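Enquirer: Quick one: structure below, then a few questions.
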Amino acid sequence: MAILEILEFPDSRLRTKAAEVTEVTDKTRRVIEDMFDTMYDAPGIGLAATQVDVHQQIIVIDVSEDKSEPLVFINPKITVLDGELEKMQEGCLSVPGFYEDIERIEHCQIDAIGKDGQPFTMEATGLLAVCIQHEMDHLDGKLFVDYLSNTKRDRIRKKLEKQHRLAAKA
């Protein structure tokens, strides 16, 4: 499989709204495998297709300690099951090196299509629920920094732009 390039904030392609997947094909499954390879290599616990410049509603997640529970969500839809908010520190492969506390729904239901093309429903709580919501934001062109104040978001953007400039010169 392949390790894909992960787009980094403030890349405008991260703001692209992902299209629904109309059919799960061999090409879709190859993208999914490449996304898992990329996520594990980074390393991360979740990756949305938008982050690797594939603008389709595909998410891969593995929140297990030993990376043994890969999950695929195609065209995910979320339903709030408990309105309780949980504050958790989030980071993002597209915003490397930055972590902030973000409030998200603690308990939700996800309806999606799996890698096999079959629809499924599952409930999620805790870290998995937070990760799913974070990755679903990417499919809508939203990043976790959008939950921050303008001042914090601008500071992060400027630091990453500086890192990108320095890397381009190296």
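Enquirer: Working only within region 48-61, note down all residues that are surrounded by 20 or more Cβ atoms within 10 Å (Cβ to Cβ) and not hydrophobic (A, V, I, L, M, F, W, C).
Expert: Across region 48-61, the qualifying residues are Thr50, Gln51, Gln57.
Enquirer: For region 66-78, state whether one or more residues are farther than 23 Å from Thr16 by Cα, more than 18 Å from the chain's Cα centre (by Cα) and not aromatic (Phe, Trp, Tyr).
Expert: Looking through region 66-78, at least one residue is farther than 23 Å from Thr16 by Cα, more than 18 Å from the chain's Cα centre (by Cα) and not aromatic (Phe, Trp, Tyr).
Enquirer: Related question: Can you say whether Val24 is closer than 24 Å to Ser64 by Cβ, in contact with a strand residue (DSSP E or B) (Cβ under 8 Å, 6 or more places away or on another chain), open to solvent by less than 50 Å² (accessible area, probe 1.4 Å) and not in a helix (DSSP H, G or I), as far as the supplied structure shows?
Expert: yes
Enquirer: Identify all residues within region 27-60 that are in a loop (DSSP other than H, G, I, E, B) and of a type in the set (S, T, N, Q); write none if there are none.
Expert: Gln57
Enquirer: Output the number of residues of region 107-161 satisfying the condition of being in contact with a Gly (Cβ under 7 Å, 6 or more places away or on another chain) and acidic (Asp, Glu).
Expert: Step one: list which residues in region 107-161 are in contact with a Gly (Cβ under 7 Å, 6 or more places away or on another chain), which gives 120, 131, 134-135.
Now narrow it down to the ones that are acidic (Asp, Glu): 135.
The qualifying residues number 1.
Here is a yes/no grid of residues against (1) under 18 Å from the mean Cα position of the chain (by Cα); (2) under 30 Å from Thr22 (Cα atoms); (3) open to solvent by less than 20 Å² (accessible area, probe 1.4 Å); (4) in contact (Cβ under 8 Å) with a residue 40 or more places away in the chain:
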| position | (1), (2), (3), (4) |
| --- | --- |
| Val95 | yes, yes, yes, yes |
| Ile102 | yes, no, yes, yes |
| Thr121 | no, yes, no, no |
| Asn150 | no, no, no, no |
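Enquirer: Sticking with this structure for a sec: If you take the residues of region 104-113 that are open to solvent by 40 Å² or more (accessible area, probe 1.4 Å) and not acidic (Asp, Glu), which of them is farthest from Ser149 (Cα to Cα)? Spell out the reasoning first.
Expert: Kept after step one, since they are open to solvent by 40 Å² or more (accessible area, probe 1.4 Å), are these residues of region 104-113: 106-107, 109, 111, 113.
If we keep only those that are not acidic (Asp, Glu) as well, we get 107, 109, 113.
Values: His107: 26, Gln109: 29, Ile113: 35 Å.
Checking each candidate, the answer is Ile113.
Enquirer: Something else about it: Just one of (1) surrounded by 14 or more Cβ atoms within 10 Å (Cβ to Cβ); (2) in a strand (DSSP E or B); (3) not hydrophobic (A, V, I, L, M, F, W, C) trips up Asp82, so point out which.
Expert: Result: Asp82 passes all but (1).
The values are calculated or read from the model by the stated rules, or taken from the named source; none is laboratory data. As the structure is a prediction and not an experimental result, all values here were calculated from the model. Ideal geometry is used to build each Cβ from the backbone, glycine not excepted, and the neighbour counts take in all protein chains shown. The accessibility values were calculated without ligands, DNA or RNA, using every heavy atom of the protein model including side chains. Shrake-Rupley method; radii C 1.70, N 1.55, O 1.52, S 1.80 Å.
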